[in-house]
Every structure is written in C-alpha cells, then in structure tokens.
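To keep things clear, I will list the structure first and then write my remarks on it.
Where a number appears in this text, it was derived from the coordinates with a stated rule and is not lab data. As the structure is a computational prediction, the values presented were derived from the model and not from experiment. When we count neighbours, we look across all protein chains shown, and the Cβ atoms used for this are built from the backbone with ideal geometry, even at glycine.
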Amino acid sequence: MELHSAQSSRRETCKRTRALFHLPSFRLLICTATLTTLLYYINLSLIKDLIIFIGLFFSSVIYLMIQYIKNKSEIKSKTTNCWNIFNLLILIITTFVMVLRFHLIFSPELPIGSVLAVKQFRHTLMLQIATKEGKAAAFIPRKKEKKRIKVSKIQSLRKISSDSDFNIMLLRKGIRLTAYCKTTTAKERLPIRNRLQNSINDSLGKTFPQKQSALIKALLFGDKSHLSRKTLHTYKKAGLLHLLAASGMHIAIVSGSIFFILKLISRNKRFSLAGAAVTVLLYVLITEVPVSLLRAAVMFWIYTIFTLCGKGKNALNALMLSATAIIIIDPSDLYSLGFHLSFGATLGILLFFQTFKKHLPAIPFKISDSIALSLSAQLAVIPILFFTLGEYNPASLLSTILAAPLLLLFIYGSCAQAITAFLPQITYYLSIANTFFFRLLAFNAELFKGLNLLCNPDSFIALILPMGLLVSALFLPPKKKQNQIFIITAMCYMLLIPIWYNQASNLFSNRNNDRAGVSIGKNKQIIVSYTKSLVSSKDIITELNRKNANQVVLTISRQTPIGWIKDIIRAYPVQTVIFTERVDKKKYRTLVRFLKQENIEYKNGKHPVLTANTNSIPKNR
C-alpha cells in the first residue's frame, strides 16, 4: 500500500509536469517571450537581450519540433485541425499586438510637456515626461504626490546610458532621457484612483499608529515605501519579505470575502463569482499594481471567465495565460525579478505541492501543508535568487509557518478596525488585538533574524545536494519512508548551509575572513570604512550579513565615493555616519540631504578606530 501510494504520487507529478509542456498557452508564452527579447534587441541593441533571445529561440524551436513530430504521428480529426488553426491565429494576433505595443513604447506620439506616468520611490517621484526627443524621466520630491503635477519648464536633457540596471530598466520602458524640470501644482483635481489612494492612506494614518499603518499599506496595497529600512531588512533576514508583497493571498482574501457575502445574499455561484471578479478589479486599481498582485488577479479573472463559460478549469493554463498577458501589458516585466519569483514560486506550488504534502509526515495544525508549500516554492525560487542576487535564505521554511496565520489575523483585524472606526468601544478592543498581532509578527521576524540564515554562498554546488534530494523525492520511485528521509535530510542540510557559511567556515568559501573595511569598535559596534583594497560595496554588505550586525557605524573620508555610501545605506540599516575628514562642500551637502531623508544620525569628530585631523573637520551640527 505504501509503495503504491508513493508510485501514484510520482506518476501525478510526472503527469502534471508533462501536461505543462502540452498546453497551448505554454507555447504561446515561450513565443511571446522570444518575440519580446527580439524586439528589445532591435530597439536597444543590448548584448544581454541578444543572448537571451538566442537561448529562447533555439529552445522554442526544439520544443516546437518535438511537439510537431508527436502531433504528426497521431490521427488528426477535423476538431483537432480547427483547434490548430485557432492556435495559429492567436499566435499571429499576439505577434501583431506585441509589435504595436513596442511601437507605442519607443515611438509614442504624445503632447510635449505632458506627464505620462508617476512612479513613487521612497523619497522621490519619477515623472515620465513627453519631450521632442522622446520620453524623459525627471525626479522631484515626494511632497507633491497629493496634487496634480504640471511641468512648467524642462531643462538639461541627457541621454541615458546602459551602464546600470536602473538605467536599463528605464530604457526598456522607452525612457531614453533624463531631465531636470520645474513643476507646479495644477488646479485640476487628481484622478479618482489617486484621490481614493490618498483618502485611504490618510484614514489609515489617523486610525493606526505609524508603524502599523506602514505595514498595512505594504500588505494591502504593495506600497513598501512607508516602511523603514530597518523593518525591511529584518523581514528580509527572517525570510518574510515575500509576505509584505501584495500577492495571491490578498486576492484570495478579497475575492473569498466578497464571494461568501454575495453567496449568502443570492445563492447564485456565477453571480457571486462575477461580483468577486469586479471587486478584485477595483482592488487592483487602488494598489501600486506589483507584478505578484497582477499575476494573481489575472489568474483569478481567467478562472472566472472559464467558469462562467463552462470550460475546464486548469491552474497551469491560467498561469501561462496570465504571464503572457502581463508581458503584453508591460514587456519590461519579462526581465523583472518580481516576475520571475512570482511565477516561479506559483509554478513550483502547482507542480510539486501535492507530492510534498503526501510524502511529509502528518503534523497537526496543518503545519505539514505549510512546509510542503514552502518547499515546493523554494525548489523553483532558489536557483533564481542565487543566479540573480547570489543570496540564499532558508529561514522562510520555518518563519512563514508562524507568520502566515498571524498575518491573516492582522489583515482581517485591521480591516475590521478601519470599518468600525465610528464605534469607539469595538475599535478599542480591535486595536488591542491588532497591536498584539503586530507585536507577535515583529517578534517572529526578530527571532528568525537572530538565527542569521541569510547567506551568499560562493558556489551553487552548496545547494545542489539539498535540491537533488528534493527532486529525488519527487520523481524517483522509492518507498514513502525513504522519500520522507530525503525531504527531512534536504531541509536539515538547507538550514545548515548558512550556519556553516556565516560562522566563517571554509567549507563553501575560499575568501579571506579578515575583510578590509570592516572592524569591531566599542559596544560591539561594526565600523565600516572605505579603503583602497576594498573591491566593492557588495563585499561589505555580505560581511555585514554574515556578522548579523545590529549597530553599524559608517565612516566617510575624502576618498569615499558617494555611490559606495548610498549602496551600503540602501542595502543595510546604518545607524550612524561619521565624517572623519573635511570633504567637498557639494559632496557634503549631497550626503547630508540623503542622510536626513533616511533619518540617519551624522556627526563629525574623531573615531575610536580611525584617526583624523580634527582641525580639518567641519563644525558639528
């Protein structure tokens, strides 16, 4: 019986994997992705796009040849021929739409000086402005976000070079120029979407404390700009950063709640499902529309359409169609890390969750389901994270089990508190409960941050063994107990990798442990300084992650580059900055403005480790 169960689960996994490659939506996706990379290479002439196009082209040609050989050997009916013609027609229409979409991105005909779009960053707003030479990006302070912005004068147009990932992202959106512009606030009212966002943000700010309202805005609307860098870093080290992104869980909460309410009223499933789909559309419109949320929303809409039309419901088909739709809406998302992580994790869950769930031992309170969910997502996400960021964090395997139910209670409690704000007695008790859940979430994040499981292994070989064990448990035909041993061994090994690595073990690292530029000062402070022997700021950030530093002091001298300073502050929560020497006035003002925006303390004077000429230091502020 046990062997039969293991073999049947293995057959189901292989069947789901094979079914993915037979889906017409999968063929449409790979053709769309290949065409997108080709069009980007034609418009931007980036070598990276050419390499990706060549890889996708040959892979798609081999895949289509295999499918053609299989279909040729089968007996075709009239229905099959009609279906093939329909698929070919869909492919031709998609190709035409993609060519038209790229024409609108790179050759738009727009009124000069008009603001095309506004993107929010932590302290600035990026305006997309139409000029004679093409679309330009201008950055202004975020204070004007609640008013309609009007460009009065455009100055200093400069072409964007492809020397950084951010510039390449701008080029892929059709923005070829940067500009300085003078802006004024127009008398016209903001669009309904922006006014609704501002009113919700204001009401949340009045109803909840600052830290809670910042977390709610990140959870409900995908706006993490209100969270402090320390909070973001804590959730990242605890493996919980993915929970702060609006995604499928939020779509499930919104659609499920509305579906349940409408079902009680009308008891008509189709009407309830259509009402839930409309509500999801309204919810997406008031958010920042991250890729993960858009993917979940498109999947839900496809599911709704298939259900209302009486067609078969296939989650893999909905996933592939949603990926194609997102690429058509914004082709630059094909290169987005959020796109890769969202679709990779969802694909891993759809393919491997049921098998992991059957192989894991039964644990109460559905903990085994949470572990199976994390393992299936991690199996697809780990290679993406390693080859893009060089990071590996198995903390989410454990921290998500505790954080997910708390997060669900916090979201429902916050919504109930916001709705019942006019009832003081109910609001009082709900605020106590929400504060309790918020503190439990913070405690959970701090607990797993202290385990220090985030690491940057030098070689992917360190992860081959646990991933090989997980794949073996999925596809090899041993007994169920042996599969359980494979999975448990892989989990233990995945947790031991960062422990060995972060304790300066030479098992996976040949680097010198005495890193230049990082030292320990008084009161266990980690002191970071710029030296000529330093390779890049990435090495410093890696060393800070290994030391799990809580109190970081950054020292600045004449030779310290501004970009190096900003990279470290953006990646790691620095508490104090000390100017050890007199620096250029322009550089000093730029840094002080940046430090004030980040709420970082800065001062001048002697440092306990580094010596400096006190006569050349500017006056203390």
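At a glance:
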item: Net lengthening on full extension, residue 230/residue 64 (0.36 nm per residue, minus Cα-Cα); result: 54.9 nm
item: Sum of -39500 (n - 2.57) over DSSP H runs of 4+, divided by residues of the chain (222 nm, nearest 500); result: -21000 deg cm²/dmol
item: Sorted by Cβ density within 10 Å, fewest first, the residues 65, 169, 299, 126; result: 65, 169, 126, 299
item: Table column - 3J(HN,Hα) (Hz), region 291-297, Karplus curve with 6.51, -1.76, 1.60, x for Gly and Pro; result: 4, 4, 5, 5, 4, 5, 5
item: Rg to Rh, two decimals, where region 240-339 supplies the alpha carbon set and Rh follows Kirkwood; result: 0.99
item: Total charge dipole magnitude, the chain, about the Cα centre, Cβ charges on Lys, Arg, Asp, Glu only, Debye to nearest 20; result: 1440 debye
item: Angle between the chain longest axis and helix 537-547 axis [Cα atoms, degrees, rounded to 10]; result: 80 degrees
item: Residue-wise HN-Hα coupling along region 255-270, computed from phi with Karplus coefficients 6.51, -1.76, 1.60 (Hz; x: Gly, Pro); result: 5, x, 5, 5, 4, 5, 5, 5, 5, 5, 7, 9, 6, 10, 5, 5
item: Dipole-positive endmost among 440, 575, 39 within the chain (Cβ charges, Cα centre); result: 575
item: Integer Hz, Karplus 6.51/-1.76/1.60 couplings in order for region 88-103, x for Gly and Pro; result: 5, 5, 4, 5, 5, 5, 4, 4, 4, 5, 5, 4, 5, 5, 5, 5
item: C-alpha center-to-center spacing [region 100-149, region 243-301] in angstrom; result: 30 Å
item: Residue-count net charge about residue 400 - beta-carbon cut-off 15 Å; Lys, Arg +1, Asp, Glu -1; result: +3
item: Set of region 328-346 residues, backbone N closer than 17 Å to the point 7 Å along the Cα-Cβ line of residue 93; result: 328-329
item: For peptides 214-220, 135-141, sequence by mean Cβ density within 10 Å, most packed first; result: 214-220, 135-141
item: Where labels lie 7 Å past Cα in the beta-carbon direction, separation of residue 278 and residue 603 in nm; result: 6.1 nm
item: Label-to-label distance, nm, for residues given as residue 472 and residue 189 (7 Å Cα→Cβ offset); result: 6.6 nm
item: Cα long-axis angle, helix 315-329 against the chain (0 to 90 degrees, to the nearest 10); result: 50 degrees
item: Sequence-distant residues sharing a close amide H with residue 125 (under 5 Å, placed H); result: 140, 142
item: Rounded FRET efficiency, nearest 0.05, which uses the C-beta distance separating residue 576 from residue 47 and R0 of 41 Å; result: 0.45
item: Backbone N within region 295-327 under 18 Å of label point (7 Å from residue 82 Cα along the Cβ vector); result: 310-312
item: Nearest-0.05 FRET efficiency for residue 104 and residue 148, computed from C-beta distance (R0 25 Å); result: 0.60
item: Relative contact order of the chain, pairs being alpha-carbon contacts under 8 Å that are 6 or more residues apart, as %; result: 11 percent
item: Where labels lie 7 Å past Cα in the beta-carbon direction, separation of residue 429 and residue 305 in nm; result: 4.6 nm
item: Cα extents of the chain along the three principal axes, largest first (Å); result: 89, 63, 62
